[in-house]
Amino acid sequence: MTVARDRLRWNGWGRLGESVAFSPARRAALLAALGPMFGRELRPAVEPVDLEEIELPATRIGPDALRRLRAACGDDGVRTGRLERITHAAGKSLPDLLRLRRGDVASPPDAVVYPPDEGAVAAVLRVAADAQLAVVPFGGGTSVVGGVEPRLGDGQRGVIALDTTRMDALLRVDERSLTATAQAGILGPQLEDALAAHGLTLGHYPQSFEHSTLGGWVAARSTGQFSSGYGGIDELLVAVRVVTPEGVLRTLEVPRSAAGPDLNALVLGSEGTLGVIVEATLRVRPRPAHHEERGFLFRSFAEGVAAVREASVAELPVAMLRLSDGPETALFEMLRRDPERTLDVATLGLTLAARLGYGEGHCALIAAAEAPEAREVRRAMAGVRALARRHGALSVGRSPGRSWRRERFRTPYLRDWLLDHDVAVDTLETAVPWSRLETAHDGIVRALGAALERHAGAGVAMAHLSHSYVDGGCLYFTFLYPVDPSHAVKQWTAIKRDATDAVVAEGGTVSHHHGVGVDHARWIAAEKGAVGIAALRAAKQAVDPQGLMNPGKLL
């Protein structure tokens, strides 16, 4: 079945009717606390433009091409209406939302197609080649780097958004091999529910889990919140099928192959520039019946990093170790405060912790473990507690972890609410080795703070260590700043440029799991090198010689 786009926010995140679960008093208290950070009182922004007010250009696809597309996808599988074109005109990045909220949809796709199977995908690509149309593969549309922005390549006359969500079946499960094969348009919750019927899980939970697809995970080389336990999508992928303009690219369902370079690795992170991912086979595991999350406080980010590094090197069997720096810890503690509570246990606990030496600048760690057997979870968490104590941590129990699990997919709703008050929230992430991690953290936070001051007059920058490995980790940065409505996108562009320059200067990758899209394209040549870029271009030329697939992204 296709995604019901009319039930989702077209200019924000998630489902209609859902928002931050704050009472009016809590909202007022939060705005009052944030205002001084930006040197101004926070008030409601100008109302976003209504969907019906947006003027769209006429479709550029001719009647013959539309007829052939309908023959491939069915009459209901080819849509040129306002809602479909607008909801496929952008992803969910901050600049995407800034444009949508003001009604800037200058380059929507000319049509949205919903192929039901692999054969229909191939037929759509043939039509695109004959009619000189660009094709943008589109799953959940959750890209935060401009990965689904409709763009024209040289000589192209229009753009098709190819929505994969009609291809959403779990095709087969090999319970002996612990693998499962699904169509690429299946959403995260659908896939987990289908696997649960077999007592299995994939365990892949990116922030976008509720609204992103399997094909999008592979195309963006994503990683989930529990990657320490399950691995990223690159470790979970066994085999893949991709319909390219030159035919089907497929890999074998085998555990490992030394028969030349790994073509799975070519598809992972390809962002729809090679073809349309239609099917993937994945490693799955028995579904965990037990889980536990606990919180710890460290006196400093350095002590927390040392603990996470030791746990990673020792390969403790945990699902997640998420360490927030001081500013992020302070923000989350602010968000948890409820002025309507007569007894705020969390605040009392923090007061006591401060008396024990965990005062200003303290950092919070959330550790999580899950497994089929309760004793496995207990053993993992006992290892975390012992290691954390050795590095001076104070255990603060299960409440912070339970709160994190309950709210873990709701953070993007907070971004929308803050935008309603002209406060922007954006993120960026990188990966660096342990030997440079603390230096990189400090340098990028300083550079972000300077960029916010320079381009917005004020702002707050913070980070957490989100994913860790034996040799290093991912630093995930969040920053808030007051929006200047007169040039909101230019303001963001300047901040993004300065921040990414700082990431590169610190020796980090421009993306650990968000991808390249449009937003990171200017830095990719320096990261890959001239020979690397030439190799990627040669691969694209082999499978997409006309440049039909997702022009302007990655390369």
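Only the coordinates and a few stated rules stand behind these numbers; no lab work does. Just so it is clear, the model here is predicted, and its values are computed rather than measured. Neighbour counts are summed over all protein chains in view; Cβ atoms, including those assigned to glycine, are modelled from backbone coordinates with ideal geometry.
Things to note:
- Extension gain, V46 back to E373 (0.36 nm per residue minus Cα-Cα distance, nm): 112.5 nm
- Placing unit charges on the Cβ atoms only, positive for Lys and Arg and negative for Asp and Glu, gives segment 426-471 a dipole magnitude near 120 debye about its Cα centre.
- Unit charges on C-beta of K, R, D, E only; dipole of segment 428-555, Debye: 420
- Dipole in debye (nearest 20) - the chain, about Cα centre, beta carbon charges: Lys, Arg +1; Asp, Glu -1: 700
- Partners of K490 within straight-line reach, counting lysines whose Cα lies under 19 Å from its Cα and excluding those fewer than 8 residues away in the same chain: K92.
- Model label sites at T80 and A534, defined 7 Å from Cα along the beta-carbon direction, differ in position by 4.4 nm.
- For the chain, the longest principal axis of the Cα atoms and the long axis of helix 434-456 meet at an angle of about 80 degrees.
- The length gained by stretching the chain between D262 and A169 to full extension, at 0.36 nm per residue less their Cα-Cα distance, is 30.9 nm.
- Dipole of the chain, positive end: most advanced residue of H520, P245, L387 [Cβ charges, Cα centre]: L387
- Residues V423, V518, V278, V504, arranged from fewest to most other Cβ atoms within 10 angstrom of their Cβ, appear as V504, V518, V423, V278.
- Angle in degrees between helix 326-336 and the longest Cα principal axis of the chain, rounded to the nearest 10: 90
- Note on segment 1-57 and segment 406-446: Cα centroid distance 19 Å, given to the nearest whole angstrom.
- At 0.692 mPa s and 37 °C, Stokes diffusion of segment 5-163 via Kirkwood alpha-carbon radius, µm² per second: 188
- As a proxy for reagent exposure, D193, D163 were ordered by neighbouring Cβ count within 10 angstrom, fewest first; the result is D193, D163.
- Here the scattering of segment 446-537 is modelled by Debye summation over its C-alpha atoms, one equal scatterer each and no solvent; at q = 0.16 Å⁻¹ the log10 of I(q)/I(0) is -0.75.
- Inter-probe distance in nm under a simple model that places probes 7 Å from Cα toward Cβ, at A526 and V313: 3.1
- Between P44, V124, L31, the Cα set farthest toward the positive side of the dipole of segment 5-163 (charges on each charged residue's Cβ, about the Cα centre) is that of L31.
- For segment 236-356, the relative contact order comes to 21 percent (Cα pairs under 8 Å, sequence separation of at least 6).
- Segment 290-408: C-alpha gyration tensor shape, a/c 1.5 cut-off, then a/b vs b/c: oblate
- FRET efficiency for the pair L152 and A494, taken as 1/(1 + (r/R0)^6) with r the Cβ-Cβ distance and R0 = 45 Å, rounds to 0.95.
- Three-way shape call for segment 93-219 based on the alpha-carbon gyration tensor, with the a/c threshold at 1.5: oblate
- On Cα atoms only, tilt of 521-543 relative to the major axis of the chain in degrees: 30
- Residue order for S93, S107, S300, fewest other beta carbons within 10 angstrom first, comes to S107, S300, S93.
- Rounded if a/c under 1.5, otherwise prolate or oblate - segment 119-176, Cα gyration tensor axes: oblate
- Averaging the sequence gap over all C-alpha pairs within less than 8 Å and six or more residues apart, then dividing by the number of residues, gives the chain a relative contact order of 17 percent.
- Potential lengthening between E360 and D338 on full extension [0.36 nm per residue; Cα-Cα distance subtracted]: 5.9 nm
- Fraction of alpha-carbon pairs over 34 Å apart in the chain - percent: 40
- The chain - share of DSSP beta bridges that are antiparallel (%, nearest 5): 85
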